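Below you'll find the structure, written out as structure tokens, and then a few comments.
The values are calculated or read from the model by the stated rules, or taken from the named source; none is laboratory data. No experiment lies behind these values; they were computed from the predicted model shown. A quick note on method: Cβ atoms are made from the backbone with ideal geometry, for glycine too, and the neighbour counts reach across all protein chains shown. Ligands, DNA and RNA are stripped out before the accessible areas are found, and what is left, the full protein with its side chains, is counted by its heavy atoms. Shrake-Rupley method; radii C 1.70, N 1.55, O 1.52, S 1.80 Å.
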Amino acid sequence: MNLAGRTVIVTGASGGIGVALCHALVQAGASIMAVGRNRSRLTTLAAALPAGRVHTVVADLSTSLGRSHLIAAIRQANVAPSVLVLGHAQSAFGLFEDQHPDELENLLQTNLVGSALLIHALLPVLRRHEQASVVAIGSTFGSIGFAGFATYSASKFGVRGLMEALSREHDGTGLSFQYLSPRATRTAFNTPAVDALNAELKVGSDAPEAVAAALVHAIVQGDRRRQLGWPEKLFARINGMFPALVDRSLRAQLPIIRRHASQAQPIHEDASHEATSR
């Protein structure tokens, strides 16, 4: 897909990957409708991009009101977006039994339910084009269920399944569905507890600019699915075929994960709707 001249909706645009992705998409020739909950960060983003190439929308997409506000903004701006990038997400690192039910419900509503309903609402807009795409920025944990991230993993597994099913449902049409998964990324999406865990486990991480460049390349190439990073790509494939092997590999890490997860604090609200970073 040639992005030049296209309008791309980017949700989670005020987050670390989201900001970098907006810059990369503009460099590829696209105009951006940047969606997020943090007005000041969106204003800063717009000021850093060429005039007329970005339109900002403040909306909480986990709510029906927020999704309706985005639809109204599209009509008011008189734009015809042909690419939807789902970059918003909320994380919750900690032991499942220790987390508050409201926190878990909000995560699922944001990551999975809200994303599914937003796609549903925007399908009529996207299908006006001969070629259009829905891109979900996934996670390694959408392929490998990881201790300490149970609900987050569940939400990303759900998004991956949704994109896979919709890709098959729309096969042969001009509308494609892409699930693209970064590995750990150096953004504020990660709490200090997650950073400490990654450091102790020696988890590799990428700069958001590098992730954004890889995502734009995958969008242009039309990749239906792509896992970024090594050995994450290998582990995701092994987990799909031989999950017991991954069980054994991760078992030795469990005491470390439990120690960090038991000390985890809820993620700050302003960082919770960034593009996913795991």
- prompt: Can you pull out the residues in segment 94-118 that are among the aliphatic types (A, V, I, L, M) and closer than 20 Å to residue 10 by Cα?
  reply: 107, 108, 112, 113, 116, 117, 118
task: Only one of these is modelled with pLDDT under 95 and in contact with a strand residue (DSSP E or B) (Cβ under 9 Å, 6 or more places away or on another chain): 36, 16. Name it.
output: 16
- prompt: How many residues are under 21 Å from residue 229 (Cα atoms), among the aliphatic types (A, V, I, L, M) and touching a strand residue (DSSP E or B) at 6+ places or on another chain (Cβ under 9 Å) if we restrict to segment 134-173?
  reply: 5
task: Could you run through segment 225-237 and say how many residues are assigned to a loop (DSSP other than H, G, I, E, B) and either touching a residue at least 60 places away in the same chain (Cβ under 8 Å) or surrounded by fewer than 16 Cβ atoms within 10 Å (Cβ to Cβ) (or both)?
output: 3
Identity of the residue in segment 75-112, in contact (Cβ under 8 Å) with a residue 60 or more places away in the chain and over 30 Å from residue 260 (Cα atoms), that ends up surrounded by the fewest Cβ atoms within 10 Å (Cβ to Cβ): 80
message: Looking at segment 185-216 only, could you name the residues that are open to solvent by less than 50 Å² (accessible area, probe 1.4 Å), modelled with pLDDT under 85 and not hydroxyl-bearing (Ser, Thr, Tyr)?
response: 189, 190
- request: From the list 123, 117, pick out the single residue that is of a type in the set (A, V, I, L, M), over 17 Å from the mean Cα position of the chain (by Cα), closer than 21 Å to residue 224 by Cα and surrounded by fewer than 18 Cβ atoms within 10 Å (Cβ to Cβ).
  value: 123
- prompt: Within the bounds of segment 57-77, is there any residue that is of a type outside the set (Phe, Trp, Tyr) and farther than 27 Å from residue 109 by Cβ?
  reply: no
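Quick grid of which residues meet (1) touching a Cys at 6+ places or on another chain (Cβ under 7 Å); (2) hydrophobic (A, V, I, L, M, F, W, C); (3) under 27 Å from residue 75 (Cα atoms):
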position: 137; (1), (2), (3): no, yes, yes
position: 154; (1), (2), (3): no, yes, no
position: 173; (1), (2), (3): no, no, yes
position: 194; (1), (2), (3): no, yes, no
Residues located in segment 129-144, provided they are in contact (Cβ under 8 Å) with a residue 60 or more places away in the chain and assigned to a loop (DSSP other than H, G, I, E, B): 131, 138, 139, 143, 144
message: Out of 168, 183, I need the residue that is part of a helix (DSSP H, G or I) and either farther than 19 Å from residue 139 by Cβ or not polar (S, T, N, Q) (or both). Which one?
response: 168
- prompt: Taking into account only those residues within segment 186-206 that are in contact (Cβ under 8 Å) with a residue 40 or more places away in the chain, β-branched (Val, Ile, Thr) and assigned to a loop (DSSP other than H, G, I, E, B), which is nearest to residue 138 (Cα to Cα)?
  reply: 187
